[in-house]
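To start, the structure itself, in structure tokens.
Just so you know, all these numbers are worked out from the coordinates, no wet-lab data involved. On a predicted model such as this, the values are computed, not experimentally measured, just so you know. Cβ sites come from the backbone with ideal geometry, for glycine too, and all protein chains shown count toward neighbours.
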Amino acid sequence: MDVDEFLDRELSELGLVTDKAKDANISVSAGADANKGADNVNFNDLKSETSSSSPLFENIASNFNKGSIEDADKYYSQLWQILFQQKLKWSKELYDQMITLNNHLIEALGRSYSESKKSAARIYELIKNARDSLKEGKKEASYKIYSEIEELDRSIPSVFFEEKRVIREQINMLSEELRIATNNELVKRVSALVQDINKLIDKANAMINFNDFANAVLSYNQCLESYNQMPEGFLMSKTSLGLRILEIYKVISIHSEIMSLQEQIGRHTLALRSHVKAATHVLAAQNKAEPAAKSLLLRAKKERAKKNMDKGFYNEAYKDIEQALQIEPHDVEAKVIHAKIKTMQ
């Protein structure tokens, strides 16, 4: 297989005709195509103007009709790779196809470029509007406009690299201005927040000095609520404030523990007093009941001693009266009975 046959085979597999294609019947007029005055280039005409059905030509036409100029650009570059493979071997069919395609592309790119210029003009107008809104302090409106600018920028095909680069520079400048404005606003907000927290800390300390711990706790809680609103990136301010807040936390917590212990002691004291009072009542009742029981027992012992004495059981009577005298040593009747028993024994 010689080089010509090899190239014929390779080009045939790509769907392109060569000068050896016997059925080639190209009837394309580059000048006529370039002067077509239709508003929209119909790339389907390209297929009917060629005698072959090249996948690359069809892909380029299809992508342009769908508005995907970037993909068409990719396939167009592949066509030039094919021309490179031809080296300097003449192929009228390939030449005519590429001339026709170039004329179509130039016309289509002209219209796309015109639309892109309109989008670019609108972008510059929106950039000015965004800056005006930013000067007026309408940051949210500026961001809304910026979002519209980004959408318009994406609509401009990447094949217009130089034009997009200039537009992107202006968009990036606006983005930086928005970022600086946002950062400045954040710094101001954090600065105001730090001042509020310091005031609450001073207030809490004043309440502690006045021993007004109820209001000190309220100020402390407000401190924590404001402190937790501080964003990341301000660690130096947060650590400085944190030390002051922790001191308040320590004093209030210790006071709270002391109060809790005092309440527990108070509850225990009340309980102890209640127990003592109950015990006192019991003892009083016992003291009241004891004389009566003692008197009853004394009487019973004396009566029993008398009965045993009447029966002549003097030893038993003596024991009874001894027990009676142990209960009440000064009982006169028990002493008399005791003396009688001794004389009878």
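Which order do HIS255, HIS338, HIS268 fall in if you start with the one that has the fewest other Cβ atoms within 10 Å? Mind dumping the intermediate values first?
Details: HIS255 15, HIS338 19, HIS268 10.
Starting with the residue having the fewest Cβ neighbours, the order is HIS268, HIS255, HIS338.
Please express the Cα-Cα pair-distance distribution P(r) of region 289-344 as a list of whole percents, one per 10 Å bin, running from 0 to the bin with the greatest distance.
It works out to 29, 55, 14, 2, in whole percents.
Which whole-number percent of Cα pairs in region 191-268 have a distance greater than 14 Å? Please list the in-between numbers first.
Numbers: 1872 of 3003 pairs.
In whole percent, the long-distance tail amounts to 62.
For region 116-190, list log₁₀ I(q)/I(0) at each q in 0.26 Å⁻¹, using the Debye formula over Cα point scatterers of equal strength and ignoring solvent, two decimals each.
-1.17
Can you put ILE171, ILE106 in order, fewest other beta carbons within 10 Å first?
Numbers: ILE171 21, ILE106 12.
By the 10 Å Cβ count, ascending, the order reads ILE106, ILE171.
If each residue's Cβ is checked for other Cβ atoms within 10 Å, how do TYR227, TYR143 rank with the fewest at the top? Write down the numbers at each step before the final one.
Values: TYR227 18, TYR143 15.
With the fewest neighbours first, TYR227, TYR143 line up as TYR143, TYR227.
Kindly write out, for region 99-111 in residue order, the coupling ³J(HN,Hα) from the Karplus curve 6.51 cos²θ - 1.76 cosθ + 1.60 (θ = phi - 60°), rounded to whole Hz, with x marking Gly and Pro.
Each residue's phi maps through the Karplus curve to give 4, 4, 4, 4, 5, 5, 5, 4, 5, 5, 5, x, 5 Hz.
Determine, for region 107-249, the count of lysine pairs separated by eight or more sequence positions (or lying on different chains) whose alpha-carbon distance falls under 14 Å.
Details: LYS117/LYS164; LYS118/LYS164; LYS128/LYS138; LYS128/LYS139; LYS128/LYS144.
Eligible lysine pairs with Cα atoms under 14 Å apart amount to 5.
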